[in-house]
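Asks: What follows is a single structure, and I will ask about it in a moment.
The values are calculated or read from the model by the stated rules, or taken from the named source; none is laboratory data. Being a predicted model, the structure only gives us computed values, none of them experimental. Don't worry about glycine lacking a Cβ; one is built from the backbone with ideal geometry, like all the others, and counts go over all protein chains shown. With ligands, DNA and RNA removed, areas are computed over all heavy atoms of the protein, side chains included. Shrake-Rupley method; radii C 1.70, N 1.55, O 1.52, S 1.80 Å.
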Amino acid sequence: YYATTRTFIGNDRVREEVLAGYAQGQVVLGKLKALGGVRYERTDVRSAGYVASTVLSTTAQRTANPAAAGIADYNNHRKTDGTYDQWFPGVYLTYNLTKNLLLRANWSNSIGRPGFTTLVPTFSVNTTTEIVKANNAGLGPQTSENWDAGVEYYFEPVGTLSANVFRKNMHDFIVTGNAGTIGTGKDNGFGGDYAGYSLTSTFNGGAAKIEGFELGYQQRFEFLPGPLAGLSFFGSYTWLRTEGDY
């Protein structure tokens, strides 16, 4: 029985295809350099897996024919698919105040895709607590809008002093929690089973903000004698403040 169920449990498939394109342009106006661009992505996800039957075989059935009982308990194939489109514009600015002093600023957008293990359409049931823990095959990505600005000072020999501030606004934050109560009817997502059970799942249900600043110092000590000239030092200090709404 165990060997038979192993051929189904963990036999999952997830296929993700991403079609992407990017366009960019650059403009130089004296000491100011501006680089802008936009990236488009279309993501297609297909997933499949096996789930346990609503009513499992009895001990007597497993003893009489363990292979048949394993097939009856876990040969329940589920599959799903989904598609989403994303645009990622960005602008990057640099300005040379002097030969050694540089100002930077940029605005960009990025994506964080869900892990494959969360996309497999499988679930587990606790009949005692009446809770169904289910993966969310339709889980979408979380996105981030990023703002950065900073100043960099370059000095001899081979050294940099920098200060930067930044902020990230995250949307559709991926969280895990109570997704509600399973409804009645065959279209409740479980073929009509587990009506009234609590559903725990992963979903896009929150937002978060990260902001802070960073100070950095880097120098190579080429003025030292002999082999010590290859020594260098790097140090940084980062301060963060985060908050989230789940």
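Asks: What are the residues in region 39-77 that are assigned to a strand (DSSP E or B) and surrounded by 15 or more Cβ atoms within 10 Å (Cβ to Cβ), if any?
Replies: Correct list: 39, 41, 43, 45, 46, 47, 48, 49, 50.
Each row is one residue, and each column tells you yes or no for (1) of a type in the set (Asp, Glu); (2) in contact with a strand residue (DSSP E or B) (Cβ under 7 Å, 6 or more places away or on another chain); (3) in a strand (DSSP E or B).
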{"residue": "196", "(1), (2), (3)": "no, yes, no"}
{"residue": "201", "(1), (2), (3)": "no, yes, yes"}
{"residue": "204", "(1), (2), (3)": "no, yes, yes"}
{"residue": "208", "(1), (2), (3)": "no, yes, yes"}
{"residue": "212", "(1), (2), (3)": "no, yes, yes"}
{"residue": "224", "(1), (2), (3)": "no, no, no"}
{"residue": "228", "(1), (2), (3)": "no, no, no"}
{"residue": "234", "(1), (2), (3)": "no, yes, yes"}
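Asks: Can you name every residue in region 137-156 that is within 23 Å of residue 94 (Cβ to Cβ) and either in contact with an Asp or Glu (Cβ under 6 Å, 6 or more places away or on another chain) or free of Cβ contacts under 8 Å to residues at least 24 places away in the same chain (or both)?
Replies: Residue satisfying the conditions is 156 alone.
Asks: Please specify each residue of region 124-161 satisfying the condition of being part of a strand (DSSP E or B), open to solvent by 30 Å² or more (accessible area, probe 1.4 Å), farther than 26 Å from residue 208 by Cβ and touching a Phe, Trp or Tyr at 6+ places or on another chain (Cβ under 8 Å).
Replies: 125, 131, 160, 161
Asks: So is residue 181 open to solvent by 80 Å² or more (accessible area, probe 1.4 Å), over 30 Å from residue 103 (Cα atoms), at pLDDT 90 or above and among the β-branched types (Val, Ile, Thr) or not?
Replies: Numbers: open to solvent by 80 Å² or more (accessible area, probe 1.4 Å): yes; over 30 Å from residue 103 (Cα atoms): yes; at pLDDT 90 or above: yes; among the β-branched types (Val, Ile, Thr): yes.
Answer is yes for this residue.
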